[in-house]
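Colleague: A single structure is presented below for examination.
The values are calculated or read from the model by the stated rules, or taken from the named source; none is laboratory data. Note that the structure is a prediction, hence the values are computed from the model and not measured. Note that we place each Cβ from the backbone using ideal geometry, even for glycine, and neighbour counts take in every protein chain shown.
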Amino acid sequence: MQKKSLIPRLIVHGGAWNIPAAYHAAHLAGVRAAVEQTYPQLLDGCSALDAVETAVKVLEADPTFDAGRGAFLNAIGEVELDAIIMDGRTLGFGAVAALQNILHPVSVARQVMEQTEHNLLVGTGALDFARRAGFTELPPEDLLTERELAFFRQVQNDPAFRTHHPFRDGPGDTVGAVALDRDGNLAVATSTGGTARKLPGRVGDCPIVGAGAYADNERGAVSATGWGESIMKVLLSKTVCDAFAAEDAMAAAQQGIDILARKVKGLGGVIGINAEGEYAWAHNTPYMAMAYAEGEGAVNASIRPDAK
């Protein structure tokens, strides 16, 4: 399908959640930095795949977000990370789940895609692969923040706590990026620490193709964020990509969120770019942090409240 324009596009999110006012400035700074540091590379001709990996690495390194450094702790006080990256040109993807001690799981996911015959590696197998691929293994405390340790202690023994409660009460922010390059190729990456106090080994939507992310040059690319158990049930990212065929970009995104809410009472958000290079976003959580490139480099960053 021929693109109307080959002007590069880049959009990122820092999670769809209840982002308390005290965290707004940090979220805005984080998503803005991801676009500001990555978009000039797209203008210079880098691939969409390189761009989404770069942008997500910026967000994984930022302790503001629930990805990489700053991720939630599971029920036994460990950090387990999930990530996916997908190439809209080939439909190739790589993913990791329940990966420990690695700052940039999105880069491990890319190596899975490019260096193995597999799509998804998990747990100790993913960590062993990362070691062999030359990634630096960090001590667990290097990924831990005081914010997440305090929150873990608060909810650790609360019998009423459920893993999606932070949509009401606290921060929790999967990250993602979608890009279109000068050659018209689309790519997407999503990374997360999952939900607070999750069972060890729990895997949410993020590394599941079609749920946490999907990219197809013929339709578009989408990154999802939110309550993973509900997002998986409707394959939210693929649902929005399919809707791009019949709807404009923003309408397709909203249609996906409406399906999420109506069919499974889900909570979440999406960002995307359709095959014509139009941005898309929608969410039904109290807020979603996002940023995108305008024109030749201006950045629009916002903490968007739920429109309903």
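Colleague: Restricting to the range 38-66, name every residue that is more than 16 Å from Val178 (Cβ to Cβ) and either surrounded by fewer than 24 Cβ atoms within 10 Å (Cβ to Cβ) or among the hydroxyl-bearing types (Ser, Thr, Tyr) (or both).
Modeller: Pro40, Leu43, Asp44, Gly45, Ala61, Asp62, Pro63, Thr64
Colleague: Also, quick follow-up: Hey, among Asp87, Asp44, which residue is in contact with a strand residue (DSSP E or B) (Cβ under 9 Å, 6 or more places away or on another chain) and among the charged types (D, E, K, R)? Before you say what the answer is, go through the steps one by one.
Modeller: Details: Asp44 fails: in contact with a strand residue (DSSP E or B) (Cβ under 9 Å, 6 or more places away or on another chain).
Matching residue, one of Asp87, Asp44: Asp87.
Colleague: Next question, about the same structure. Being touching a helix residue (DSSP H, G or I) at 6+ places or on another chain (Cβ under 6 Å) and surrounded by fewer than 20 Cβ atoms within 10 Å (Cβ to Cβ) is the filter here; which residues of the range 225-246 pass it?
Modeller: Lys233, the sole residue that qualifies.
Rundown of residues vs (1) closer than 28 Å to Leu42 by Cα; (2) free of Cβ contacts under 8 Å to residues at least 60 places away in the same chain; (3) hydroxyl-bearing (Ser, Thr, Tyr); (4) touching a helix residue (DSSP H, G or I) at 6+ places or on another chain (Cβ under 9 Å), yes/no style:
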position	(1), (2), (3), (4)
Ile257	no, yes, no, yes
Asn274	yes, yes, no, yes
Ala282	yes, yes, no, yes
Thr285	no, no, yes, yes
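Colleague: Scan the range 54-89 for residues that are of a type in the set (D, E, K, R) and over 22 Å from Met288 (Cβ atoms) and jot them down.
Modeller: Step one: list which residues in the range 54-89 are of a type in the set (D, E, K, R), which gives 57, 60, 62, 66, 69, 78, 80, 82, 87, 89.
Listed by number, the residues that qualify are Glu78, Glu80, Asp87, Arg89.
Colleague: Under the condition of being over 22 Å from the mean Cα position of the chain (by Cα) and among the basic types (Lys, Arg), which residue from the range 105-150 is surrounded by the most Cβ atoms within 10 Å (Cβ to Cβ)?
Modeller: Across the range 105-150, the extreme among qualifying residues is Arg131.
Colleague: Follow-up. Return the pair list, or none, for Cβ contacts closer than 8 Å from residues in the range 118-146 that are at positive phi to residues that are part of a loop (DSSP other than H, G, I, E, B) and exposed (fewer than 12 other Cβ atoms within 10 Å of the Cβ), at least 6 apart or on different chains.
Modeller: Matching pairs, first to second residue: Gly123/Gly201.
Here is a yes/no grid of residues against (1) in contact with a helix residue (DSSP H, G or I) (Cβ under 9 Å, 6 or more places away or on another chain); (2) small (Gly, Ala, Ser); (3) at pLDDT below 90; (4) surrounded by fewer than 24 Cβ atoms within 10 Å (Cβ to Cβ):
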position	(1), (2), (3), (4)
Gln156	no, no, yes, yes
Ala160	no, yes, yes, yes
His164	yes, no, yes, yes
Thr174	yes, no, no, no
Leu180	yes, no, no, no
Asn185	yes, no, no, yes
Gly193	yes, yes, no, no
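Colleague: Any idea which of (1) buried (at least 23 other Cβ atoms within 10 Å of the Cβ); (2) closer than 20 Å to Pro207 by Cβ; (3) not polar (S, T, N, Q) is the one Arg69 doesn't satisfy?
Modeller: Condition not satisfied by Arg69: (1).
Colleague: Would you please list the contacts, defined by Cβ atoms under 6 Å and residues six or more apart or on different chains, that run from a residue in the range 3-23 that is among the aromatic types (Phe, Trp, Tyr) to a residue that is modelled with pLDDT under 85 and buried (at least 24 other Cβ atoms within 10 Å of the Cβ)?
Modeller: Note: pairs meeting the criteria are Trp17/Gly172; Trp17/Asp173; Tyr23/Pro171.
Colleague: Here's something else I'd like to know. Could you please give the count of residues in the range 9-37 that are surrounded by fewer than 24 Cβ atoms within 10 Å (Cβ to Cβ) and either under 25 Å from Pro105 (Cα atoms) or of a type outside the set (A, V, I, L, M) (or both)?
Modeller: Step one: list which residues in the range 9-37 are surrounded by fewer than 24 Cβ atoms within 10 Å (Cβ to Cβ), which gives 18, 20-26, 28-29, 32-33, 36-37.
With either under 25 Å from Pro105 (Cα atoms) or of a type outside the set (A, V, I, L, M) (or both) added as a condition, the list becomes 18, 20, 23-24, 26, 28-29, 32-33, 36-37.
Matching residues across the range 9-37 total 11.
Colleague: Those residues that are buried (at least 18 other Cβ atoms within 10 Å of the Cβ) and part of a strand (DSSP E or B), I need them from the range 277-298; list them, please.
Modeller: Taking the range 277-298 first, the residues buried (at least 18 other Cβ atoms within 10 Å of the Cβ) are 277-285, 287-293.
Within the range 277-298, Tyr279, Ala280, Trp281, Ala282, His283, Tyr287, Met288, Ala289, Met290, Ala291, Tyr292, Ala293 qualify.
Colleague: If you don't mind, another one. If a residue has to be farther than 18 Å from Glu278 by Cβ, outside any strand (DSSP E or B) and β-branched (Val, Ile, Thr) to count, how many in the range 213-248 make the cut?
Modeller: 2
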